[in-house]
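Novice: Here it is, the structure, as structure tokens.
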Amino acid sequence: MVSEVKQVSGRGIPLVGNDIDTDRIIPARFLKAVTFDGLREGAFIDDRTALNGEHPFDQPQYQGANILIVNRNFGCGSSREHAPQAISKWGIQALIGESFAEIFFGNCVAIGIPCLTVDEVTVKQLQELVAANPLASVTVNLETLQVQVGDFTAPVTLDEGTRSTFVSGAWDACGQLVANSEQIRATSAKLPYVGWGRLAAS
């Protein structure tokens, strides 16, 4: 069960603004959750409340969209892994932006959400295209490193190491364990201290 991520298709949702930090993505009070279940409703909740229905996550034309288009330094601030989890629970499967905070980027990779970068001009074009036509088809191709919105196509950037982990499915640590369960059992059987532990427990 290896989870390859070669392409993400669907619709886009533009979120305009630089330096959107993890506390805005998911406020600290939601970090008390034992699991990540239920984080969906907390995504951008303070911003959404302040904007009284005008936040993109609340606007009807973007409901069901799965590709988030952001600006510079998205996910800065604290390292909380709840931020990408909240975005994922909302239904976001890929992000495109000018830049991402390093730890946020790593936390996204760990749960299978690619964060691809483009220049400032292209981000603005993508956001404007989606705002003008929220029903437009959006496709992010990790094999060709391109994003397409309707008839518009642009290159996206993702470092080769990260790109290859998505395309091969190696990002999915749990999937790797399941896929290699027989080899793990075989290796475990050869380890004397594992066998000793079983004997000691019996």
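The values are calculated or read from the model by the stated rules, or taken from the named source; none is laboratory data. Just so we're clear, the structure is a prediction, and the values are computed from it rather than from any experiment. Methodologically, a virtual Cβ is constructed for each residue, glycine included, from the backbone with ideal geometry; neighbour enumeration extends over all protein chains shown. Each accessible area value is taken on the protein alone, full model and side chains, heavy atoms only, with ligands, DNA and RNA left out. Shrake-Rupley method; radii C 1.70, N 1.55, O 1.52, S 1.80 Å.
Novice: Give, rounded to the nearest 20 debye, the magnitude of the charge dipole that the chain has about its Cα centre when Lys and Arg contribute +1 at Cβ and Asp and Glu contribute -1 at Cβ.
Specialist: Working: 15 positive and 22 negative charges, 169 e Å.
That gives a dipole near 820 debye.
Novice: Show which lysines lie in cross-link reach of LYS89 when reach means a straight Cα distance below 26 angstrom and same-chain residues fewer than eight apart are skipped.
Specialist: LYS6, LYS32, LYS124
Novice: Something else now. Less than 11 Å from a label point 7 Å out along the Cα-to-Cβ axis of ALA28: which backbone N atoms in the range 80-124 qualify, by residue?
Specialist: none
Novice: Can you tell me the accessible area per residue over the range 42-166, all protein chains present, probe 1.4 angstrom, in square angstrom?
Specialist: Values: 5310 Å² over 125 residues.
Value returned for the range 42-166: 42 Å² of accessible area per residue.
Novice: Can you compute the helix-only [θ] at 222 nm over the chain? Use -39500 (n - 2.57) per DSSP H run of at least 4 residues, normalise by all residues, nearest 500 deg cm²/dmol.
Specialist: That calculation yields -10500 deg cm²/dmol at 222 nm.
Novice: Distance from a point 7 Å along Cα→Cβ of SER79 to each backbone N in the range 22-45: keep the residues under 16 Å and list them by number.
Specialist: Flagged as within label range: 22-23.
Novice: Another question, then. Quick check on packing: order 51-62, 102-113 by the mean number of other C-beta atoms within 10 Å, highest mean leading.
Specialist: 102-113, 51-62
Novice: Per 0.36 nm of contour for each residue apart, how much would the distance between ARG40 and GLU160 grow if the chain were fully extended, relative to their Cα-Cα spacing?
Specialist: 40.1 nm
Novice: For the range 36-163, which whole percent of the accessible surface, found with a 1.4 angstrom probe, sits on carbon and sulfur atoms?
Specialist: 48
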